[in-house]
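**Student:** Below are the C-alpha cells for one structure; questions will follow.
Here, each number is a calculation from the coordinates, and none is a lab measurement. This structure is a prediction, so every number in the text was calculated from the model and none was measured. Don't worry about glycine lacking a Cβ; one is built from the backbone with ideal geometry, like all the others, and counts go over all protein chains shown.
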Amino acid sequence: MPDIYLYHVAYSLILKSGPSVKVDLVQKFINFYHRYENLNLKITFFLISLQILHLYWLTSDVVLQKIFGHSFFLVPKSLLPIFVVIDYIEIPALISAIIFYSYSIRTKESDAKKNYLFLGMLGVQFFHIFWITDDVVYTSLFNFSFVEIPYVLSWIAILIDYLELPVMVDLFYKIIKKKRR
C-alpha cells in the first residue's frame, strides 16, 4: 500500500509541474542519448552479449537435460548463481536495447521495419525472465515453484531467449558500421 501512495504522490507532482516540464525532461534525455549514442550502442551490445554465457548454461544445463535426461554443463554447479546473476543483467540490457531501437526508429533510420522486429523480439524476453525466475531460481534455491508454468509454455519461454541472438548480431553490425564512418 505505501508503494501506491508513493506512486500517487510522484504522479501528482509530475501533473502539477505541467506538461512543459515532462517534455523538457524527455528532450533532455533524447539530447543526452544523441550526444552519447555510440557509447550507448557499445554498452547495449556489451550487456546483451553477456547473455551468451546465459545461453550456454540454458542450452547445456536446461535444454539438453530436458531432452537427454542429463546435463552437459561443464561449469561446477556451485557457480550457477553467477549465471543467474548474468541472466538478470538481461533486464538492464533489454531496457538499453529497447531504448536504442526506439531511438533508431525515432530518428527515422532507414531500417525501421527491422528495428520494430527487434523491439518485438526484445519485448517478449520479459516472459522468459518470468519463467527463468520461477522455474529455475525458485526451484533451484527454494525447492518449490511459485507459479506452475505448463510444459509447452516453458519450452516457448526457452526458445524466446534465443531471440537475443539476432539482436546481438545486429548490434555488433551497427558497431562495425559506425567504426567505418
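**Student:** Residues ALA112, ALA93: which one is surrounded by fewer than 15 Cβ atoms within 10 Å (Cβ to Cβ) and among the small types (Gly, Ala, Ser)?
**Tutor:** Numbers: ALA93 fails: surrounded by fewer than 15 Cβ atoms within 10 Å (Cβ to Cβ).
Among ALA112, ALA93, only ALA112 is surrounded by fewer than 15 Cβ atoms within 10 Å (Cβ to Cβ) and among the small types (Gly, Ala, Ser).
**Student:** Here is a further query. Which ranges mark the helices (runs of 4 or more DSSP H) fully within region 54-112 that have 2 or more residues being over 22 Å from TYR173 (Cβ atoms), hydrophobic (A, V, I, L, M, F, W, C) and within 17 Å of the chain's Cα centre (by Cα)? Don't jump to the end; show me each part of the working.
**Tutor:** Working: elements: 64-68, 80-88, 90-106.
Where helices (runs of 4 or more DSSP H) fall fully within region 54-112 and carry at least 2 residues being over 22 Å from TYR173 (Cβ atoms), hydrophobic (A, V, I, L, M, F, W, C) and within 17 Å of the chain's Cα centre (by Cα), they are 80-88.
**Student:** Only residues in region 167-181 that are aromatic (Phe, Trp, Tyr) count as the first member; pair them with residues that are in a helix (DSSP H, G or I), Cβ under 9 angstrom, at least 6 apart or cross-chain, and list the lot.
**Tutor:** Filtered contacts from region 167-181: PHE172/PHE45; PHE172/SER49.
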